[in-house]
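Comments concern the structure below.
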Amino acid sequence: MTNEDAARRRIGATAALAALVALLVLISLGIGPVRLSPLAVAEALFGGGSDVAQVIVREIRLPRTLLALAIGAILGLSGASLQGLLRNPLASPDLFGAPQSAAFGAVLIIALGLADVRSYALPVAAIIAAFGSVFVLLSIAGRNAGLLILILSGLAISSFAGAATALVMNLATNPFLVLEITFWLLGSLEDRSFQHVMLAFPFIIAGAIMLFSQRHAFRALSLGEETAQSLGVDVGRLRLFVISGVALGVGGAVAVTGTIGFIGLVAPHLMRPLIGHDPGRLLVPSALTGSALLLAADIAVRIIPSTSDIKVGVLTSIIGVPFFLYLIMRERRALGGGVA
Amino acid sequence: MSEIALLTAKGLSVRLAGRVVLQDVSLALSPGHLVALVGPNGAGKTTLLRALAGLIPSEGDIEVGGHALASLPLRERAKRFGYLPQGHVVHWPLPARDIVALGRYPHGATDPARLSPRDAEAVLRAMQAVDVMEFSDRRVTELSGGERSRVALARALAVEAPVILADEPTASLDPRHQIDVMKNLRATADKGVLVVVVTHDLGLAARFADHMLVLREGRLVSQGAPADALSEQVMADVFRIRAYRAEFQREAVIVPWADV
């Protein structure tokens, strides 16, 4: 395949993805107890149609859809960035315990009664906790960590975050609070308002800008840290940018939706066969794929018939974990200590 | 070397994890030379190469082209050194041309798909120099060891830096490819570039290099023209071997032979 073919294919795939995301946005705005056709949705969105349709689309479903769009994107982008930084296809915020740590930060704030779920204290605490977890993980990993060290450290960190969260709930005196926290931890986009959008968006956008700005450095890093450094990449700064970007994005996302897992792991993998392995070029398609996945999952939980609502975080994990197992199988030679 | 020095080090020392790996190394290297850096395992050859490129912290003064290395920003340093590490690791299956194009990264060409005509020409020159044009669109992970090492060399050449630092570029190559790589480096030096090569192959070093640096336990113990730097005495003291010496087709032949 020549360069021109590859470029054409990349652009085609990205455009198709963008169209898919747009379509899913329309469906997401149209689906719920009151079903609206894409046309009615478009009408209501731009101030036409009935008052009821306008309220449903613009005030109930739009925030939820915007959050799915942005959170899916930042999760996909975070996964692709971590995979680029660590040159490792099994890197992702979920496996490194970032969302779990962010959840702990947020839960702590809720349990201590320091803030309700609409305060900026929540995302800030989640971001700090997520930063701590990724920072610790990358410090343990050092310059050239293998898969095994990364995954084991990630397991340790997410277990610790889980235990710390359990401790907070254990010590909480108010049973209603515990119930609220439990449901929140499952991860959901239901009943989110524009307040939530305002809460999460600044952090998600800042994180996305930080990660995207490093796209070329990820490419140079394909040759290893030492060579990248010899090419003029400030590897220390790059690491700090990635840790901060992931923490801002994941922390901001978790603060309004709870933990939604495995999108960051899955999205880049779906894109490699289409886009190629260049870690710099994978960022935008991975973000679009993340959006598409989360929008689709959030549409699915509204369609799947069940006695009580299925939380979208539960659904992404149910699908994501088998995918993770499949990846382990594919990478098992590298995991087994052999040369990949 | 008596010409004006391009790369100099004065009192260079490196400590890694509290251990002194390099001690008080001073050297002055001029453009247009192929310099072989030799020494037993653990003598500090790779460390010296890294320190010269500014990739690890060191004590002492390093100057490149009259500028103190420490005062140069990362990007400026990167333009002055084509650094070729051991092993030629590539973590993703990228096309060979994209790998070579990364050599233009220090010049601001960070995206292989959008090279300026000047950068594209440099990439082409580098690929032609080591004859890898035919792999241009192939993924490096699908290439043989010899092919991959040539792509890696092309990447270092594409920087078009005044100094090339290559760490065991001939390791794990068959004899034919070892000679090819050394010939390429020799040709690069003949174009006026300073090439420093770490190698364990004293035979290749003696044949292709015109200057030799001998390291032992972190100290520079001998330097000069290959025949002088690798004297009987140095061979015995540093490498603990004796060598068969001869001349073949008017080039120096050194074959490590017996224990001292």
message = What's the number of the only condition in (1) at pLDDT below 95; (2) under 18 Å from the mean Cα position of the chain (by Cα); (3) within 23 Å of A:Ile60 (Cα to Cα) that A:Asp191 fails to meet?
response = (2)
ask   = When you go through (1) within 14 Å of chain B (Cβ to nearest Cβ); (2) of a type in the set (A, V, I, L, M); (3) surrounded by fewer than 22 Cβ atoms within 10 Å (Cβ to Cβ) one by one for A:Val197, which number turns out not to apply?
value = (1)
inquiry  = With the structure loaded, tell me whether B:Val214 is closer than 20 Å to B:Ser26 by Cα and in contact with an Asp or Glu (Cβ under 6 Å, 6 or more places away or on another chain) or whether it fails that test.
reply    = no
inquiry  = With the requirement that a residue be under 12 Å from A:Thr14 (Cβ atoms), among the charged types (D, E, K, R) and over 20 Å from the mean Cα position of the chain (by Cα), what does region A:269-309 give you?
reply    = none
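Tell me the residue from A:Leu108, A:Leu112, A:Leu95 that is buried (at least 22 other Cβ atoms within 10 Å of the Cβ) and either aliphatic (A, V, I, L, M) or closer than 15 Å to A:Leu155 by Cα (or both), please.
Details: A:Leu108 fails: buried (at least 22 other Cβ atoms within 10 Å of the Cβ); A:Leu112 fails: buried (at least 22 other Cβ atoms within 10 Å of the Cβ).
Among A:Leu108, A:Leu112, A:Leu95, only A:Leu95 is buried (at least 22 other Cβ atoms within 10 Å of the Cβ) and either aliphatic (A, V, I, L, M) or closer than 15 Å to A:Leu155 by Cα (or both).
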ask   = List pairs: first in region A:103-131 and in contact (Cβ under 8 Å) with a residue 24 or more places away in the chain, second in a loop (DSSP other than H, G, I, E, B), Cβ under 8 Å, 6+ apart or cross-chain?
value = A:Ala103/A:Gly258; A:Ala103/A:Thr259; A:Ile110/A:Asp116; A:Ile110/A:Val117; A:Ala111/A:Ala172; A:Leu122/A:Ala115; A:Ala130/A:Pro93
query = Where residues in region A:227-255 are part of a helix (DSSP H, G or I) and either within 14 Å of chain B (Cβ to nearest Cβ) or more than 17 Å from A:Phe131 (Cα to Cα) (or both), which of them is nearest to the chain's Cα centre (by Cα)?
reply = A:Leu238
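Being outside any strand (DSSP E or B) and within 21 Å of B:Val214 (Cα to Cα) narrows it down to one residue among B:Ala70, B:Ala9, B:Ala28, B:Ala5; which is it?
Details: B:Ala70 fails: within 21 Å of B:Val214 (Cα to Cα); B:Ala9 fails: outside any strand (DSSP E or B); B:Ala28 fails: outside any strand (DSSP E or B).
Testing whether each residue is outside any strand (DSSP E or B) and within 21 Å of B:Val214 (Cα to Cα) leaves just B:Ala5.
Looking only at residues in region A:1-27 that are among the aliphatic types (A, V, I, L, M) and within 14 Å of chain B (Cβ to nearest Cβ), which one is farthest from A:Ser37 (Cα to Cα)? Please lay out each step first, then the result.
Here is the first cut: in region A:1-27, the ones among the aliphatic types (A, V, I, L, M) are A:1, A:6-7, A:11, A:13, A:15-27.
Within this subset, residues satisfying the condition of being within 14 Å of chain B (Cβ to nearest Cβ) are A:1, A:6-7, A:11.
Numbers: A:Met1: 42, A:Ala6: 37, A:Ala7: 36, A:Ile11: 30 Å.
Looking at residues that are among the aliphatic types (A, V, I, L, M) and within 14 Å of chain B (Cβ to nearest Cβ), I get A:Met1.
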inquiry  = Any residue at all in region A:141-153 that's under 23 Å from A:Ala68 (Cβ atoms), touching a residue at least 24 places away in the same chain (Cβ under 8 Å) and buried (at least 16 other Cβ atoms within 10 Å of the Cβ)?
reply    = no
ask   = Do the conditions hold for A:Ile149, that is, is it over 22 Å from the mean Cα position of the chain (by Cα), in a helix (DSSP H, G or I) and within 30 Å of A:Leu86 (Cα to Cα)?
value = yes
ask   = Just to be sure, is A:Gly264 crowded, with 24+ Cβ neighbours inside 10 Å and in contact with a Pro (Cβ under 6 Å, 6 or more places away or on another chain)?
value = yes
query = Given region A:1-114, what helices (runs of 4 or more DSSP H) lie entirely inside it while holding 3 or more residues that are closer than 30 Å to B:Arg97 by Cα and out of contact with any strand residue (DSSP E or B) (no Cβ under 8 Å at 6 or more places or on another chain)?
reply = A:3-30, A:62-86
message = Just to be sure before I move on: is A:Phe131 in a helix (DSSP H, G or I), farther than 25 Å from A:Phe194 by Cα and either over 14 Å from the mean Cα position of the chain (by Cα) or modelled with pLDDT of 90 or more (or both) in the structure I sent?
response = yes
key: Among (1) more than 14 Å from chain B (Cβ to nearest Cβ); (2) assigned to a helix (DSSP H, G or I); (3) more than 22 Å from A:Thr316 (Cα to Cα), the one test that A:Thr173 misses   = (2)
remark   = Among B:Ala17, B:Ala28, the single one that is free of Cβ contacts under 8 Å to residues at least 40 places away in the same chain and in contact with a Ser or Thr (Cβ under 6 Å, 6 or more places away or on another chain) is B:Ala28
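The values are calculated or read from the model by the stated rules, or taken from the named source; none is laboratory data. All of these numbers come straight from a predicted model, not from anything done at the bench. Neighbour counts are summed over all protein chains in view; Cβ atoms, including those assigned to glycine, are modelled from backbone coordinates with ideal geometry.
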